[in-house]
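The values are calculated or read from the model by the stated rules, or taken from the named source; none is laboratory data. This structure is a prediction, so every number in the text was calculated from the model and none was measured. Here the Cβ positions follow ideal geometry from the backbone for every residue, glycine too, while neighbour counts run over all protein chains shown.
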């Protein structure tokens, strides 16, 4: 009989947690009076990341302006095995449109096609899939151009030339692949620089740190490292600090999250190539609403970059370029 | 000595039947919990939660876990643990993808060859685990922690850390995303077959009886002439084989070897097994309970997404359910052992 009580208590506490959680989550959805209140779902590449939070800010601001409702969900890791069930649940909840940052070019293709098959308009934000025609629009930074900009920054900081390395995330992510390639192409074209190739951190700062400290053991004369995403840059900074080469190796980070900005202030990272996630988000909402209203959409939109250095960090442009930790 | 042997036989058999009665109760409770959870979400989102599309998605997302869960249930019933299944899954998927790539072709021949290769890889790792645990007497936690690391390492060596995406078309369209009939996904039917075979194997065969016996009292089993070491090797081999098989299913579903994505898989599966009423001390458990236990986290995540709850809540609730369920189980067992609860008198005088 004791067992029964405990079991009931367990069920009750589960129910409580569920209802409490429901209560806490259902805030922030206000529908405007103007036009039809479309329901749009935004699926991040990973939740709790400054880049996607800033994008979410752009999404929410634009949604408010357009008078549509937006809900945001994201997997705990940037991984298709975690994103697929979330996408399926979102499709089942029947939104009018989905904004999604796919976590893999091929794994997410079929699940996204399912959304389209269910009559949902899809907009790809930031990342893409192998066949982006399933979406009404794909909005992303011009990543190859971003990689080239990163090499230009290296050239400016280390004009004498030398060995350069790329610390990437993992192969198969369209955005980082393009950044790495943009950097590689620019580096190979310049005879003053030796391109050492790309090493993958699997989005793990600890792994990036160990890669970089090992690379500095092998080639102590590396002059520049391009860390092509947030976690790689964090780890690269740690690795360089471990090797005690803070002033000799120039690190170019991609993205401008709170940690990179701190690293920039500390002088561990010498330049940041900031994307414009808020613009990607607001463009995404605009395209989705256009598609829902039956207007024509732009198949591919490329957004630009801001190069942030210690010099322009405190200017208005620099402040606007830095990613937010909350809206 | 003769009397001890007779007693041993007795223990083995009654322990198994006790286990079966106990697990039915626990599995039933978990089933109630699952039903309650689904009802709550069904009420919260009546138009979207209990739709064919959504249920299909939930079942599909549980399928690969279920295949892994069958093997894990056997391992845990013997009182062991297998942390390596996620890595073995990745390794098998990688070798299968390489093989299918080398063969070329998008047809069934290539796909079946890939499946066979994946199963062989899994079986190999399972045999290695089993041998090290049973014969070399290295603790299961250590052995499988080692193979967790090594199998993933080999997978990354083979691929240079680069996810492979060369699944034959037929595998993706028919197995990964196809339906057998109507809205019943092929992937889930395959998983259901594995589950049914697992249930029969555990509850209706000598192999299953021995598994309970090893878990409830290995020494007693040894004394009645049961080759405990050999049986342990077989059980770990089975878990490995199923992880290998899950590797090809994973490849079909994600069209990628998901090298970075399986680090939490063994823990999720172990949580499902424990929620489903299989005792981590061994000797008690059921495959059916495991399947129900695996559904709970998936249903919670799905429901939370639909009710627009922060995704992190799922982990909190799953953790709470896990602890609550094992607590209830433990409470019942100690009460029964003290002989306080007449309903569970069959547990009196356990020989552990």
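Summary table below
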{"item": "Test: residue B:316 is surrounded by fewer than 24 Cβ atoms within 10 Å (Cβ to Cβ), within 12 Å of another protein chain (Cβ to nearest Cβ) and in a helix (DSSP H, G or I)", "result": "yes"}
{"item": "Any chance residue A:152 is surrounded by fewer than 20 Cβ atoms within 10 Å (Cβ to Cβ), farther than 30 Å from residue A:121 by Cα and under 23 Å from the mean Cα position of the chain (by Cα)", "result": "yes"}
{"item": "Selection count where residues are closer than 26 Å to residue A:323 by Cα and surrounded by fewer than 24 Cβ atoms within 10 Å (Cβ to Cβ), scope the range A:201-228", "result": "7"}
{"item": "Hey, residue B:174 under 29 Å from residue A:202 (Cα atoms), surrounded by fewer than 18 Cβ atoms within 10 Å (Cβ to Cβ) and more than 23 Å from the chain's Cα centre (by Cα) or not", "result": "no"}
{"item": "Residue A:273 vs. criteria within 20 Å of residue A:40 (Cβ to Cβ) and touching a residue at least 60 places away in the same chain (Cβ under 8 Å)", "result": "no"}
{"item": "Filter result for residue B:27 (surrounded by 15 or more Cβ atoms within 10 Å (Cβ to Cβ), at pLDDT 90 or above and in a helix (DSSP H, G or I))", "result": "no"}
{"item": "Counted residues, the range B:240-264 - those being under 26 Å from residue B:110 (Cβ atoms), within 9 Å of chain A (Cβ to nearest Cβ) and at pLDDT below 90", "result": "9"}
{"item": "Filtered residues of the range A:87-109 (kept if assigned to a helix (DSSP H, G or I), more than 18 Å from the chain's Cα centre (by Cα) and either over 21 Å from residue A:300 (Cβ atoms) or within 7 Å of chain B (Cβ to nearest Cβ) (or both))", "result": "A:88, A:89, A:90, A:91, A:92"}
{"item": "Any hit, the range A:240-251, residues being under 19 Å from residue A:46 (Cβ atoms) and at pLDDT 85 or above", "result": "no"}
{"item": "Residue within the range A:110-133 that is facing chain B (nearest Cβ under 7 Å) and either touching a residue at least 40 places away in the same chain (Cβ under 8 Å) or touching a strand residue (DSSP E or B) at 6+ places or on another chain (Cβ under 7 Å) (or both) present", "result": "no"}
{"item": "Sole residue being more than 9 Å from every other protein chain (Cβ to nearest Cβ), touching a helix residue (DSSP H, G or I) at 6+ places or on another chain (Cβ under 9 Å) and either part of a helix (DSSP H, G or I) or at pLDDT 80 or above (or both), chosen from B:36, B:75", "result": "B:75"}
{"item": "Test: residue in the range A:37-54 that is more than 18 Å from the chain's Cα centre (by Cα) and modelled with pLDDT under 55", "result": "no"}
{"item": "Only one of A:58, A:146, A:74 that is closer than 26 Å to residue A:304 by Cα and at the interface with chain B (Cβ under 9 Å from one of its Cβ atoms)", "result": "A:74"}
{"item": "Sole exception among (1) under 30 Å from residue B:226 (Cα atoms); (2) within 20 Å of the chain's Cα centre (by Cα); (3) free of Cβ contacts under 8 Å to residues at least 40 places away in the same chain for residue B:132, by number", "result": "(2)"}
